[in-house]
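The values are calculated or read from the model by the stated rules, or taken from the named source; none is laboratory data. Just so we're clear, the structure is a prediction, and the values are computed from it rather than from any experiment. Virtual Cβ from ideal backbone geometry, glycine too; neighbours counted across all protein chains shown.
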Amino acid sequence: MIIYWSMLLWVPFIYIIYSASGKKKKPITSQGTVTEDNTKFSLLFSILVFAYITFWIGMRGNIMDTGTYIGGFNSIPDDFSKAWSQIDWEGKSPGWDIFNVFFKCLVSDDYTWWLMTIAIISMVCIVIPLRKYSVDFFFSAFIFVALTTFTWPMNGMRQFVAVAVLFACCGFIKDSKFLKFAIVVLLMSTVHVTAILMLPIYFVAKSKPWQMRIFFFIIAIILICVFAEPLFDSLDENVLSDTAYAGATEQFDNDDGVNPLRALFAAVFPVLAFIRRKSLEEYYESDPLLPIAVNMSLVSAALNVVGIFTSGILIGRLPIYCSVYNMLLIPYILNYGFNKKDRTFVRLGIVAMMMVMFWMECPRTYHSELTGWVN
């Protein structure tokens with residue numbers, strides 16, 4: 001686990017350098033929230049934080065389901081016309097196939113460059129909203145690693161591309177630009193069909209948190225997921241290979257549903273948001289992405305709970321579309337949901353909980369052509 005631990009420790013290491021550099025924090029309004037202008041976090045330090053993480057994600061070799069992806073990439077003909085003719089336009093991921101054909105035939109037939117390019121695209125899409133909207137960029141980056149979200153681009157790479165691109169477009173939700181968001185969703189559904197679920201989730205995200213209609217929306221979404229499972233399975237025969245945790249723990253290799261501890265962890269964040277809802281409500285208008293993050297966290301928790309009692313094959317991999325918003329929500333709860341005295345204890349508790357989750361769900365080995373097998 002040394003590679004993964006180094007990724008985790010890299011974030012506080014860069015934070016120490018950042019603090020020593022004397023960089024100013026984001027501007028704060030009289031209401032206490034981040035202003036709209038000049039709020040982007042330092043580009044240099046954003047790159048420093050995520051470049052190291054991206055490097056190890058992109059350099060990986062035969063770990064988790066990467067071997068299957070590499071095999072698929074290597075099987076694409078080098079001749080463009082032959083490769084193009086083999087695209088399954090009625091299959092599960094024509095958009096993904098088109099990207100791979102163009103990359104192999106026109107860019108490089110080296111799978112390492114292919115993996116690295118996809119890793120860079122995915123990480124850039126994660127960094128964009130974190131730079132613009134997070135009230136604590138470093139803690140958001142720490143959450144990305146500690147909650148093992150970083151395993152998704154290594155295992156379930158195709159789905160994470162869709163997740164990351166849609167996360168980068170969260171501004172469309174914030175600004176109520178449904179048509180633009182829907183177009184991106186439809187495009188990403190050609191990469192991974194489950195992205196289509198974000199269309200009904202859009203309306204949950206746009207609702208005021210904790211209204212009764214949100215829970216009706218969530219119930220409807222869950223019913224859609226349960227009854228649509230056979231359809232998704234028929235479109236994605238290798239569905240297990242796209243789960244975030246396949247290969248990381250035995251629980252997720254077996255079709256026993258979502259790990260209850262994972263569901264419990266997911267429920268902590270919307271529960272905290274509910275407990276501190278009065279403190280957070282005053283920021284809803286000044287920061288419209290906050291209520292969106294609250295609702296997304298709630299949907300993620302609900303899907304995880306339902307996943308305990310289902311096959312887990314489909315529902316177990318859907319929460320990632322919403323759980324990425326916890327990277328925005330958790331720092332907001334800590335910074336604006338608690339007073340200074342309580343904030344330290346709550347932060348320590350959340351970090352301790354994330355360390356438990358990191359230890360449980362983090363892969364035990366890493367492999368690349370550069371390092372070989374590393375425990």
Next item on the list: Kindly indicate whether V305 is buried (at least 23 other Cβ atoms within 10 Å of the Cβ) and closer than 22 Å to M357 by Cα.
Entry: no
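Restricting attention to region 271-308, and to residues there that are hydroxyl-bearing (S, T, Y), in a helix (DSSP H, G or I) and closer than 24 Å to N339 by Cα, which single residue is modelled with the lowest pLDDT? Outline the logic, then answer.
So in region 271-308, the residues hydroxyl-bearing (S, T, Y) come out as 279, 283-284, 286, 297, 300.
When the remaining residues are screened for being in a helix (DSSP H, G or I), the result is 279, 297, 300.
Next, from what is left, pick out any that are closer than 24 Å to N339 by Cα: 279, 297.
Details: S279: 90, S297: 95.
The extreme case among them is S279.
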Next item on the list: Considering each of N339, N335, N326 in turn, give the residue that is within 16 Å of the chain's Cα centre (by Cα) and polar (S, T, N, Q).
Entry: N326
Check: Assuming L115 fulfils every condition listed in (1) touching a residue at least 60 places away in the same chain (Cβ under 8 Å); (2) buried (at least 22 other Cβ atoms within 10 Å of the Cβ) apart from one, which condition is it?
Finding: (1)
Next item on the list: Looking only at region 159-216, count how many residues are polar (S, T, N, Q) and closer than 25 Å to D65 by Cα.
Entry: 4
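Would it be correct to say that V135 is part of a loop (DSSP other than H, G, I, E, B), within 30 Å of D287 (Cα to Cα) and of a type outside the set (D, E)?
Numbers: part of a loop (DSSP other than H, G, I, E, B): yes; within 30 Å of D287 (Cα to Cα): yes; of a type outside the set (D, E): yes.
For V135, the condition - part of a loop (DSSP other than H, G, I, E, B), within 30 Å of D287 (Cα to Cα) and of a type outside the set (D, E) - is met.
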Next item on the list: For region 160-178, indicate whether the set of residues that are in contact with a Gly (Cβ under 9 Å, 6 or more places away or on another chain), at negative phi and without any contact (Cβ under 8 Å) to a residue 12 or more places away in the chain is non-empty.
Entry: yes
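Here is a yes/no grid of residues against (1) assigned to a helix (DSSP H, G or I); (2) β-branched (V, I, T); (3) touching a strand residue (DSSP E or B) at 6+ places or on another chain (Cβ under 7 Å):
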{"residue": "F139", "(1), (2), (3)": "yes, no, no"}
{"residue": "N155", "(1), (2), (3)": "no, no, no"}
{"residue": "A162", "(1), (2), (3)": "yes, no, no"}
{"residue": "V165", "(1), (2), (3)": "yes, yes, no"}
{"residue": "L179", "(1), (2), (3)": "yes, no, no"}
{"residue": "I196", "(1), (2), (3)": "yes, yes, no"}
{"residue": "I201", "(1), (2), (3)": "yes, yes, no"}
{"residue": "R213", "(1), (2), (3)": "yes, no, no"}
{"residue": "L223", "(1), (2), (3)": "yes, no, no"}
